[in-house]
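Notes for the one structure printed next.
The values are calculated or read from the model by the stated rules, or taken from the named source; none is laboratory data. As the structure is a prediction and not an experimental result, all values here were calculated from the model. Here the Cβ positions follow ideal geometry from the backbone for every residue, glycine too, while neighbour counts run over all protein chains shown.
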Amino acid sequence: MLTAIGDVMRRCYERGWITTRDGNISMKKREGRYLYITPSGWRKTIVHPEHVVRLEIVSDPETGLRVPKVNEQQKPSGELWMHWNLQRDSRRTRTVVHVHATHVVAAIYAGIDLQAISAEFPEISRYTRVGRTVPAFPALSRELADATSECFGLQGDGVIAFDIVGQANHGVCAVAMDPWAAYEHIERLDHICEIVLKSGVAGRAR
């Protein structure tokens, strides 16, 4: 699946969902000892397995909580805590994909309720559970990380209620077992957002 991380990043770049150094993906295997995450500032068009950062999961000596240990030479994505919130307690293999899907961000900016329009399109409502949109917070902030996990309906045992959430003025975050499945959640939501935006009746979905 590490190969798939780079493949999905390249596909997102081709679709215009990220610029060269944007976007990030993490993956944690079921009961795994490591969190794998894309590097900070790296050109996402050339991410290969050897470039993915492997962080050991350890127990924090002060809190006793499990945390990813970042060594001095490692430079994981600046969105590490957003990924870790969603990865920490998962008992299954989980991938988190964060990109700036153009039509989703545009729809949010236009005041469209993603949950409302998703319910009207069976192509997404049958396969993808869309959570409420995350309010605008600074990129890389803990506030954004915490609000994202809240909008996913994250529970204490790592279970989530939704597959994808939009993030106001920022992007979208999707969760699935593997990178391509998470990508498909984004693709579906971006597609219906494009349809609604082009329909000229976006106002009724606000």
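Answer with yes or no whether Arg21 is surrounded by fewer than 17 Cβ atoms within 10 Å (Cβ to Cβ) and under 18 Å from the mean Cα position of the chain (by Cα).
Yes: the conditions hold for Arg21.
Which pairs turn up if I take residues in segment 94-109 that are of a type in the set (Phe, Trp, Tyr) and look for partners that are part of a loop (DSSP other than H, G, I, E, B) with beta carbon separation below 9 Å, at least 6 apart in sequence or on another chain?
Pairs that qualify, where the first residue is of a type in the set (Phe, Trp, Tyr) and the partner is part of a loop (DSSP other than H, G, I, E, B), are Tyr109/Ala168; Tyr109/Asn169.
Pick from Pro122, Pro138: which is closer than 17 Å to Asp22 by Cβ and loosely packed, with under 14 Cβ neighbours inside 10 Å?
Being closer than 17 Å to Asp22 by Cβ and loosely packed, with under 14 Cβ neighbours inside 10 Å holds for just one of Pro122, Pro138, which is Pro138.
Which one is modelled with the lowest pLDDT among residues in segment 50-105 that are under 16 Å from Phe152 (Cβ atoms) and acidic (Asp, Glu)?
Ranking the candidates gives Asp89 first.
Residues that are closer than 24 Å to Ile164 by Cα and in contact with a Cys (Cβ under 9 Å, 6 or more places away or on another chain): does segment 36-47 have at least one?
yes
For segment 37-92, enumerate the residues that are in a helix (DSSP H, G or I), exposed (fewer than 13 other Cβ atoms within 10 Å of the Cβ) and of a type in the set (A, V, I, L, M).
Ile46
Among the residues of segment 144-168, write down those that are more than 14 Å from Thr128 (Cβ to Cβ) and outside any loop (DSSP other than H, G, I, E, B).
Leu144, Ala145, Asp146, Ala147, Thr148, Ser149, Glu150, Cys151, Gln167
Among the listed residues Met27, Met9, which satisfies the condition of being in contact (Cβ under 8 Å) with a residue 60 or more places away in the chain and surrounded by 12 or more Cβ atoms within 10 Å (Cβ to Cβ)?
Met27
Hey, any hits in segment 95-110 for a residue that's part of a loop (DSSP other than H, G, I, E, B), loosely packed, with under 13 Cβ neighbours inside 10 Å and of a type outside the set (Phe, Trp, Tyr)?
No, there is no match, as no residue in segment 95-110 is part of a loop (DSSP other than H, G, I, E, B), loosely packed, with under 13 Cβ neighbours inside 10 Å and of a type outside the set (Phe, Trp, Tyr).
Going residue by residue through segment 41-58, is there one that turns out to be in contact with a Ser or Thr (Cβ under 8 Å, 6 or more places away or on another chain), of a type in the set (A, V, I, L, M, F, W, C) and closer than 23 Å to Glu150 by Cβ?
Checked against the condition, which is being in contact with a Ser or Thr (Cβ under 8 Å, 6 or more places away or on another chain), of a type in the set (A, V, I, L, M, F, W, C) and closer than 23 Å to Glu150 by Cβ, segment 41-58 yields no hits at all.
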